[in-house]
Structures are given as structure tokens and as C-alpha cells.
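Please read the structure below before turning to the comments.
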Number of protein chains: 2
Amino acid sequence: MIIDKLYQEVEKKGMVCVGLDPNIDYIPAELKEKYQDIDEIIFQFNKRVIDCTFDLVPIYKPQIAFYEAFGLKGLMAYSKTLKYVKSLGNLTLGDIKRGDISTTAAMYGKGHFTGDFEADFITLNPFMGYDTIEPYLPYLREGTKGVFVLLRTSNKGANDIQYKDSEGKKIYYHIGDNLNAMAEEFMGECGYSSLGLVIGGTHTDEAIEIRDRYPNMYFLIPGYNAQGASGDDVKLYLNGLNGGIVNSSRGIICAYMKEKDGYENFDYFTRKAVIDMRKDIGFNQI
Amino acid sequence: MIIDKLYQEVEKKGMVCVGLDPNIDYIPAELKEKYQDIDEIIFQFNKRVIDCTFDLVPIYKPQIAFYEAFGLKGLMAYSKTLKYVKSLGNLTLGDIKRGDISTTAAMYGKGHFTGDFEADFITLNPFMGYDTIEPYLPYLREGTKGVFVLLRTSNKGANDIQYKDSEGKKIYYHIGDNLNAMAEEFMGECGYSSLGLVIGGTHTDEAIEIRDRYPNMYFLIPGYNAQGASGDDVKLYLNGLNGGIVNSSRGIICAYMKEKDGYENFDYFTRKAVIDMRKDIGFNQI
């Protein structure tokens with residue numbers, strides 16, 4: 001099961017998932033001058049981040065929206081980035097948040113688990129129902145792929161639907177309970193399933209409750225720093241366990257921008273950001 | 001407002017939205033032999049459908065999953081298809097069902113309202129909350145673009161989240177009521193907003209209730225035939241009004257496959273499918 005590989009990599013390297021969300025404003029002027037085409041500018045920036053962090057990072061998560069924004073060339077950069085990470089032996093997580101019915105979902109599965117956009121894991125949106133998750137499961141059954149399904153996000157709008165109470169429990173618990181049952185089929189030897197959950201790092205009041213309720217589900221935790229979750233918040237979700245990966249995008253890929261000599265020492269500041277974050281979220285405790 | 005253009009086109013041509021979901025099995029062997037590259041095979045099939053229906057069809061809806069499935073070449077076909085429809089003066093609806101927070105949503109907006117993948121309308125998924133709709137609204141404010149937000153879908157899984165009761169009303173009504181308020185800002189002269197809703201054509205028991213509750217919202221109605229909604233079901237959502245577009249994909253693009261001499265008479269059978277559907281859903285009544 002692919003989840004075993006992720007678990008082992010986290011055990012060795014820590015839980016930092018680097019979000020490769022290359023907003024054009026984050027890319028050093030030097031790279032923009034050196035390369036002509038947007039696909040090459042984006043890819044070379046990602047490569048720079050990856051080259052100086054791959055021994056510290058189990059998995060990279062490109063957010064596909066930042067690539068779709070630049071059309072076909074942007075998606076060429078997305079494809080090149082995924083292939084480059086794979087060539088180094090690291091894992092990839094395509095943050096695509098797709099959600100659609102039957103044959104349409106099967107097409108997304110083909111698109112993101114094979115071919116140009118192949119990733120080891122993808123994110124999914126469950127709004128249209130649990131039948132929209134099923135078309136991806138044959139890949140999990142084969143052991144080669146995994147998914148993280150949105151459960152409770154870290155934005156303000158999480159209250160609008162996810163937090164609504166129904167039949168005595170919140171919508172996100174309805175979703176989680178159903179996915180938890182579905183996840184049993186894809187358990188790895190590490191004790192977690194290749195079907196995991198996306199749980200925003202804020203709202204820490206119920207963090208331990210969520211961790212305890214789904215002991216066999218691995219978490220993708222966004223929201224660290226940029227969306228208001230501190231290292232202590234995130235630790236509650238991990239509960240001293242190797243039980244999830246914590247995403248940071250701007251905190252890592254923009255680290256160099258905060259320093260006067262940032263570009264000259266890009267590798268140093270980028271590595272330092274990963275190492276500091278790893279410590280902050282308790283890598284030494286797992 | 002773009003909704004006025006859609007309204008006028010529907011008034012002239014009828015409410016049939018053709019779903020361009022080019023599953024490779026639907027494409028005639030003759031086209032697969034004639035063209036080498038998958039992007040050209042897909043595009044030429046779409047072009048064939050478009051060329052024989054554009055005077056009967058206000059808007060075409062490519063489902064992006066069927067293009068993402070073929071990676072970069074598939075998305076080249078998606079881009080070419082959108083540009084071709086635009087060159088004929090017809091409207092386009094990118095069925096992308098994206099849903100994500102703040103800057104990420106802004107990137108999807110840039111990706112699908114400008115550049116290679118530019119469409120007149122796109123579909124959105126509201127699961128992460130109403131703040132995830134906001135980044136698209138500047139395009140609606142300019143009057144040039146529109147969105148259809150998922151409200152209640154036609155698949156079995158619609159029951160899992162959308163149908164749950166909370167605070168005395170169903171989740172889909174919570175969503176609809178909030179979007180209805182948001183839609184007021186984007187009202188066209190036709191009496192509808194450029195912010196519309198996706199309402200599956202099945203579950204007709206509450207069709208009139210939904211139509212009455214949101215009198216100023218234009219509907220995108222999928223599920224005709226393939227997903228079990230009959231012409232009479234769909235009429236309930238339209239209630240004798242020009243108040244929505246009804247999507248059919250397989251019913252139109254596979255019409256030729258049902259006939260012995262289908263390929264030789266592709267144009268005839270494809271046009272006939274649109275004309276029959278238009279009649280079945282009550283074009284003469286609006």
C-alpha cells in the first residue's frame with residue numbers, strides 16, 4: 001500500500017509537505033530573466049525548491065490551480081514538476097480537489113493517476129456524495145495510489161456547510177464516519193489507510209476528538225502558518241503520532257523573500273524553513 | 001450581463017446544452033483512423049458535433065475531466081474546442097466544478113475565464129463555503145462571465161450531504177438561499193442573475209418548489225435521459241419559463257451510434273437528437 005511508503009518516509013524525514021504553489025510574484029526576478037517560457041520559469045523555480053529540500057521532505061504537493069492559471073504551458077510545468085519529484089524517489093500529491101459522478105470521476109482518475117499528470121496521491125471533494133469517491137478506489141485496491149478527501153477545511157467558509165449539525169452530528173462527522181468505513185479496505189501495514197482525510201489545521205478545540213475518532217486515517221493538514229494554525233495546533237492533530245503530513249507553501253517557497261540576501265542564499269533559507277517547521281510541529285516527538 | 005446573452009440565445013434556439021464529453025468509445029473509427037494525435041481526434045469529433053448543431057444550440061458544455069484524462073494533449077483539445085465554439089458566436093460552459101479557497105480560487109478564475117481555457121460560464125463546487133465563490137465574482141461584476149454553482153445533483157450520492165436536514169431545512173436549501181442573496185448583485189435585464197445553479201433533473205417532487213424559491217436564478221439541469229430525468233421531469237424545473245438550460249451529452253453525441261447507417265448520416269441523427277430533445281423538454285412552450 002502506498003500509505004506504507006508515505007508513513008516510512010515521514011518516519012525518516014518528518015511530516016513537512018511542501019506546497020508547490022508558484023504564484024508568479026514568488027518567483028525570483030533572476031529566474032524570470034533567465035528563462036523565456038512560463039512553463040520553464042515555473043518548473044525551474046519548483047526544481048530549485050525541490051533540489052535543496054528533497055532529503056527533508058517526504059512528499060510535495062503542487063496545487064494544480066496555480067498551473068491551470070497559465071493554461072497549457074502552466075500544465076506543462078505541473079507535469080514536469082510531478083515527473084521531476086518522482087525521478088528523485090519522493091512522493092507526489094496532486095492537490096486537485098476534483099469531485100464528480102461516475103464516468104466523469106473515472107476520467108479524473110485516469111487523468112491524475114496515469115499519464116502526464118500522474119501523482120501518488122490526489123485530493124478529492126466529497127460534496128456530490130460517496131459514490132463519487134468509488135471510481136478512484138480500483139487504484140487504491142492495487143496498492144499503488146492514495147487519496148485524501150476533504151473533511152473539514154481551515155477557511156472561514158468551513159462553517160457554511162461542513163459545520164452544520166444534522167441528525168445530532170456535524171456534517172463533517174457524517175462524511176468522516178462514512179469515509180472511515182470505506183477506508184478499512186485499504187489499510188496498510190503501518191496501521192493507516194490509503195484513503196485519508198484533509199483536515200484544516202485551525203479549530204483546534206476538536207482536533208483531538210477528530211484524531212481519536214479516526215485512528216486509522218492519515219491526515220493531510222493544511223493551514224500551517226498562512227491560514228492561522230500554529231505548531232502547537234498542528235501537534236494536537238498528530239497527537240504524538242506519525243499520523244499525517246502538514247502542508248506549508250508560502251512558509252517554505254517564499255522563505256527566501258524575507259531576507260535581504262535571500263536569493264543568494266536561497267537554498268539555505270528554504271532548507272532552514274523546512275527544518276524550523278519540522279521542529280515546530282514536533283518531528284522529534286514522533 | 002452575460003446571462004442576457006444566454007437568455008436571448010435560449011429564446012431563439014431552445015434550451016438544449018450539448019455536453020461535449022468525448023469518451024474515446026463514442027468517437028467513430030473513421031475519425032480515429034484519419035487523425036493521428038489524440039488532441040486532433042477529440043477536437044475533430046467535437047467539431048463534427050458542433051458543425052451540425054450550432055444553429056440549434058445556445059451553449060456547449062465540455063466536461064473537462066474527459067480532456068484531463070488524456071493529459072496535455074487532451075487539454076489541447078479542450079482549448080481548441082472552446083475557441084472553435086467561440087469563433088461561431090455560440091456560448092461556452094466549462095464544466096470544471098472547481099472549489100477552493102482564496103488565492104487558489106483566484107487562480108482557477110484566471111485559468112478558466114482568461115487564456116487557453118477561457119469559457120463564458122463555469123461550474124463551481126460550494127463545499128468549502130461561500131468565501132470560495134467570491135474570487136470569481138469580479139468577472140461577473142464586469143458583466144462578461146457567469147457561474148453555475150452545484151446545488152443539488154442527480155446522482156444517488158446527492159443524499160449523502162446535499163439532502164441532510166439542518167436547522168429545519170435541507171443543506172441544499174441552505175446553500176441555495178445564500179447563493180440567491182449573493183446572486184442579486186449580478187442581475188441581467190432578462191430577470192436572471194449571472195450567478196446560477198446546477199440542479200439535477202431527477203427528484204422531481206421538489207422541482208417546482210426549487211423553481212419558485214429561486215425565481216431569479218437560471219438553472220443548469222443535467223441528468224436528462226442518461227441520469228433518469230424525462231422531458232416531463234425537466235419541464236417542472238423550467239415551469240414554462242425560459243429559466244434554464246438542459247444538458248445532454250450521450251443523448252446527442254452518441255445518437256449516431258444507435259443507427260445502422262449512423263456514421264454516414266452523422267449530421268442528420270445528431271441534429272435530430274437535438275430537435276427531438278428540444279421538443280421533449282417543451283421548447284414550444286417557452
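Read the figures in this text as sums done on the coordinates, not as results from a lab. Since the structure is predicted, the reported quantities are computational estimates derived from the model, not experimental observations. We place every Cβ from the backbone using ideal geometry, glycine too, and count neighbours over all the protein chains shown.
Details
- For the range A:175-182, 3J(HN,Hα) computed residue by residue from phi via the Karplus equation (6.51, -1.76, 1.60; θ = phi - 60°) reads 5, x, 5, 5, 5, 4, 5, 5 Hz, glycine and proline entered as x.
- Helix A:266-280 vs. chain A, principal-axis angle (Cα, 0 to 90°, nearest 10): 30 degrees
- Label separation (A:Thr204 vs B:Tyr268): 7.3 nm, computed from points 7 Å beyond Cα along the C-beta direction.
- With label points set 7 Å from Cα along Cα→Cβ, the inter-copy distances at A:Tyr268 are 7.8 nm, sorted shortest first.
- Copy-to-copy label separations for A:Gly115, where each label sits 7 Å from Cα toward Cβ, in nm and ascending: 2.0
- Solvent-free Debye scattering, log10 I(q)/I(0), computed from the Cα coordinates of chain A at q = 0.10 Å⁻¹: -0.49
- Per-residue ³J(HN,Hα) for the range B:125-140, Karplus 6.51 cos²θ - 1.76 cosθ + 1.60, θ = phi - 60°, Hz, x for Gly and Pro: 10, x, 3, 7, x, 5, 5, 7, 8, 3, x, 8, 5, x, 5, 5
- Across peptide A:59-67, the average count of Cβ atoms from other chains found within 10 Å of a residue's Cβ is 4.
- From phi via Karplus (6.51, -1.76, 1.60), per-residue ³J(HN,Hα) for the range A:157-172 in Hz, x at Gly/Pro: x, 4, 5, 5, 10, 4, 8, 5, 8, 8, 6, x, 8, 5, 3, 5
- Compactness of the range B:176-286 was expressed as the Cα radius of gyration divided by 2.2 N^0.38 Å, which yields 1.20.
- Average other protein chain Cβ within 10 Å of Cβ, residues A:129-135: 4
- Taking Cα atoms only, the orientation of helix A:102-113 departs from the longest principal axis of chain A by about 40 degrees.
- Amide H within-cut-off set for A:Gly196, under 5 Å, with H built and near neighbours excluded: A:Val147, A:Phe148, A:Val149
- For A:Glu185, the label point sits 7 Å beyond Cα toward Cβ; its separations from the matching points on the remaining copies run 4.3 nm, from shortest to longest.
- In the protein assembly as shown, the ratio of gyration radius to Kirkwood radius, Rg to Rh, stands at 0.97 when only Cα atoms are counted.
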